[in-house]
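Engineer: First, the structure itself, so that you have it in front of you.
The values are calculated or read from the model by the stated rules, or taken from the named source; none is laboratory data. These numbers come from a predicted model, not from an experiment. In this analysis, Cβ positions are derived from the backbone assuming ideal geometry, glycine residues included, and neighbour counts consider all displayed protein chains. Accessible surface is based on the protein model in full, side chains and every heavy atom, while ligands, DNA and RNA are left aside. Shrake-Rupley method; radii C 1.70, N 1.55, O 1.52, S 1.80 Å.
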Amino acid sequence: MKIALLASGTGSNVEAILQAHEEKQFDAEPAFVFSDRPNASVLDKAKRYGVPVHTLRPRDFDSKQQYEEALLHLLEKYDIQWVILAGYMRLLGATIVEPYARRIVNIHPSLLPEFPGLDAVGQALNAGAEETGVTIHYVDAGMDTGEVIRQKRVPIMPGETNGSLEEKIKQVEHQLYPETLQNLFRKGF
Ligand code: GAR
């Protein structure tokens with residue numbers, strides 16, 4: 001079972017998956033890490049684990065469709081069965097979503113459908129919420145709208161800052177994402 005990991009930034013969730021794989025807690029094979037940002041530090045993390053990396057810059061293409069066709073070509077070349085988004089900060093279009101229907105998974109730092117889109121952590125703080133959380137969900141053509149696979153609550157304490165809440169959420173993500181994906185691939189739920 002081959003998976004591709006798509007990320008735009010730091011890649012702490014990618015690292016958690018690669019670490020679980022190294023510790024034999026994760027059966028699927030991370031075939032490559034892809035980023036839309038050639039300078040993203042996720043790429044250094046992937047290299048440390050000996051995982052191939054690929055980058056494509058959307059602005060080097062005439063359209064989103066052409067960019068995604070190039071990405072699809074990569075996915076097909078590696079015979080990828082599941083596409084795993086981990087901080088990939090672009091909305092996937094039909095070029096990828098249709099051929100990989102119910103084979104794309106995303107992690108989002110809120111209890112969807114609350115606080116979709118960008119800066120979900122800041123949104124929760126600004127709303128004065130007493131709790132937020134993590135959602136792992138299938139990806140459809142909408143913004144964070146696909147069917148929920150798993151959620152976990154994270155309480156927001158008085159005096160919580162953006163940094164402290166993000167840290168708490170990431171700690172939950174790093175445990176929940178590899179574990180949930182492992183179950184998903186094994187049981188196909
Ligand atoms: C994670 O918290 C992830 O849930 C979030 O980006 C962060 C990436 O961190 N994703 C989204 O907000 C998607 N809408 P990482 O690069 O350290 O894994």
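Engineer: Can you list the HN-Hα couplings for the stretch 139-152, worked out from phi with the Karplus curve (6.51, -1.76, 1.60; θ = phi - 60°), rounded to whole Hz and with x for Gly and Pro?
Structural biologist: 9, 10, 6, x, 8, 6, 10, x, 4, 6, 9, 7, 9, 9
Engineer: Could you report the accessible area of MET157 in Å², rounded to 10, computed with a 1.4 Å probe on the protein chains as they sit in the structure?
Structural biologist: The accessible area comes out at roughly 110 Å².
Engineer: Please report the accessible area of SER12 (heavy atoms, 1.4 Å probe, ligands and nucleic acids excluded) in Å², nearest 10.
Structural biologist: SER12 exposes around 20 Å² with every protein chain in place.
Engineer: A further question follows. Pop out the ³J(HN,Hα) list for the stretch 7-18 in order, Karplus 6.51 cos²θ - 1.76 cosθ + 1.60 with θ = phi - 60°, rounded to Hz; leave Gly and Pro as x.
Structural biologist: Taking θ as phi minus 60°, the curve returns 8, 10, x, 5, x, 5, 6, 4, 4, 4, 5, 5 Hz for the stretch 7-18.
Engineer: Right, another one. Nearest 0.05, what FRET efficiency do GLN66 and ASP44 give at R0 = 22 Å with Cβ-Cβ as r?
Structural biologist: With a Förster radius of 22 Å, E is 0.20.
Engineer: Considering only DSSP beta bridges with both partners in the chain, what is the antiparallel share in %, to the nearest 5?
Structural biologist: 40 percent
Engineer: Students sometimes get this wrong: rank ASP27, ASP36 by accessible area, probe 1.4 Å, all chains present, largest first.
Structural biologist: Putting ASP27, ASP36 in descending order of accessible area: ASP27, ASP36.
Engineer: Check the straight Cα-Cα distances from LYS152 and name the lysines below 16 Å, setting aside those fewer than 8 residues away within the same chain.
Structural biologist: Here the lysines satisfying the reach criterion relative to LYS152 are LYS168, LYS170.
Engineer: Ordering PHE34, PHE115 by accessible area with a probe of 1.4 Å, largest first, what comes out?
Structural biologist: Result, largest first: PHE115, PHE34.
Engineer: For a quick size check, give me the Cα extents of the chain along its three principal axes, largest first, whole Å.
Structural biologist: Ordered largest first, the chain gives principal extents of 49, 40, 32 Å.
Engineer: While we're looking at this one, here's another question. May I ask you to list the residues of the stretch 78-95 whose amide nitrogen lies under 19 Å from a point 7 Å from Cα along the Cα→beta-carbon direction of MET1?
Structural biologist: Under cut-off, by backbone N: 78-86.
Engineer: Please work out how much accessible surface LYS77 shows to a 1.4 Å probe, ignoring ligands, DNA and RNA, in Å² rounded to 10.
Structural biologist: About 140 Å², rounded to the nearest 10.
Engineer: Convert each backbone phi in the stretch 122-130 into a coupling constant with the Karplus relation 6.51 cos²θ - 1.76 cosθ + 1.60 (shift: θ = phi - 60°), then list the ³J(HN,Hα) values in order as whole Hz, x for Gly and Pro.
Structural biologist: These are the phi-based 3J(HN,Hα) values: x, 4, 5, 5, 5, 7, x, 5, 8 Hz.
Engineer: Taking loop as defined by DSSP and a crowding limit of 15 other beta carbons within 10 Å, which trypsin sites (Lys or Arg not before Pro) in the stretch 1-56 fit?
Structural biologist: LYS24
Engineer: I'd like the distance separating the alpha-carbon centroids of the stretch 70-98 and the stretch 11-43, in whole Å.
Structural biologist: 15 Å
Engineer: When the dipole is taken about the Cα centre of the chain, and only Lys, Arg (+1) and Asp, Glu (-1) are charged at their Cβ, what size is it in debye, to the nearest 20?
Structural biologist: Charge dipole, the chain, about its Cα centre: 360 debye, nearest 20.
Engineer: Then there's this: List the aspartates and glutamates whose Cα sits under 14 Å from the Cα of LYS64, skipping any in the same chain fewer than 8 residues away.
Structural biologist: ASP36
Engineer: Using a Cα-Cα cut-off of under 18 Å, which lysines could be cross-linked to LYS2, ignoring same-chain neighbours fewer than 8 residues away?
Structural biologist: Straight-distance partners of LYS2: LYS24, LYS47, LYS77, LYS187.
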